[in-house]
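S.K.: I have a structure here, written as structure tokens, and I will follow up with some questions on it.
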């Protein structure tokens, strides 16, 4: 019999923190949601993202059994049936629609496009190199749009592009972490697209993303010491990902790394006090 923890793992509630990215527009862009609407918007994205996770895990359940950590997911391990997962997904989808009905047409469009693009990824586009990580990066931009009342102006899109570039760096680490954790042959059997993410390729992707981030931060009017502080966090995070592939699978575990915490504290002090 499935336990509550199994349903929590099915919905990946541990990944809900990612939807806090909806708060970014509140701090940087005019026209962002405030008060209870932003709380509702975040919860709606938690629900719809859980639906997409459930669909993806059902489609990948056989291949996930080859992965050292994904094999413990409830659908892959058989602790939750397809019918049970379908019922949970239906309830979550209904909650999202009800929230969208209250927040308006723009939110419904954003969550609808997010749902469509994520499922296009699950049903096949994840097998196309570079399209796979581009879709995931784009989905984080859609999450941010969920924190807006309406589509932002062109000149307000810099934070959205910045988030996409950060995701390219993270996803390049994630692709390499799968290779490290499983070994090349087993990793490719689990996810064929991984064979395209060789070291020269991911290093090139990261290099382009870093240059893009530098350009975006400078264009946002930050002075050089602020840019250096932010880059120090990014470079330290990349260093942790390279040293421990398991952290890439659960990036919130960075908060347990003393040296990473120290880097963040010093960088924030520079940003706030200098």
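S.K.: Looking at the range 4-23, which of the residues that are over 14 Å from the mean Cα position of the chain (by Cα) and in contact (Cβ under 8 Å) with a residue 60 or more places away in the chain is nearest to residue 137 (Cα to Cα)?
M.R.: Within the range 4-23, the subset over 14 Å from the mean Cα position of the chain (by Cα) is 4-11, 23.
This time we only want the ones that are in contact (Cβ under 8 Å) with a residue 60 or more places away in the chain, so: 6-7, 9-11, 23.
Numbers: 6: 28, 7: 27, 9: 23, 10: 23, 11: 21, 23: 17 Å.
Step by step, filter the range 4-23, then rank; the result is 23.
S.K.: Using beta carbons and a limit of 9 Å, which pairs, at least six apart or on different chains, have the first residue in the range 55-67 and over 17 Å from residue 249 (Cα atoms) and the second one surrounded by fewer than 19 Cβ atoms within 10 Å (Cβ to Cβ) and modelled with pLDDT of 90 or more?
M.R.: These pairs meet every condition: 55/119; 58/86.
S.K.: Same structure, new question: Please specify each residue of the range 183-215 satisfying the condition of being more than 17 Å from residue 134 (Cβ to Cβ) and touching a helix residue (DSSP H, G or I) at 6+ places or on another chain (Cβ under 6 Å).
M.R.: 187, 188, 190, 195
S.K.: Considering only the range 231-239, I want to know if a residue exists there that is out of contact with any strand residue (DSSP E or B) (no Cβ under 7 Å at 6 or more places or on another chain), over 29 Å from residue 127 (Cα atoms) and surrounded by 16 or more Cβ atoms within 10 Å (Cβ to Cβ).
M.R.: Yes: the range 231-239 contains one or more residues that are out of contact with any strand residue (DSSP E or B) (no Cβ under 7 Å at 6 or more places or on another chain), over 29 Å from residue 127 (Cα atoms) and surrounded by 16 or more Cβ atoms within 10 Å (Cβ to Cβ).
The values are calculated or read from the model by the stated rules, or taken from the named source; none is laboratory data. Because the structure is a prediction, the values reported are computed rather than measured. Every residue, glycine as well, gets a Cβ built from its backbone with ideal geometry; the counts of neighbours run over all protein chains shown.
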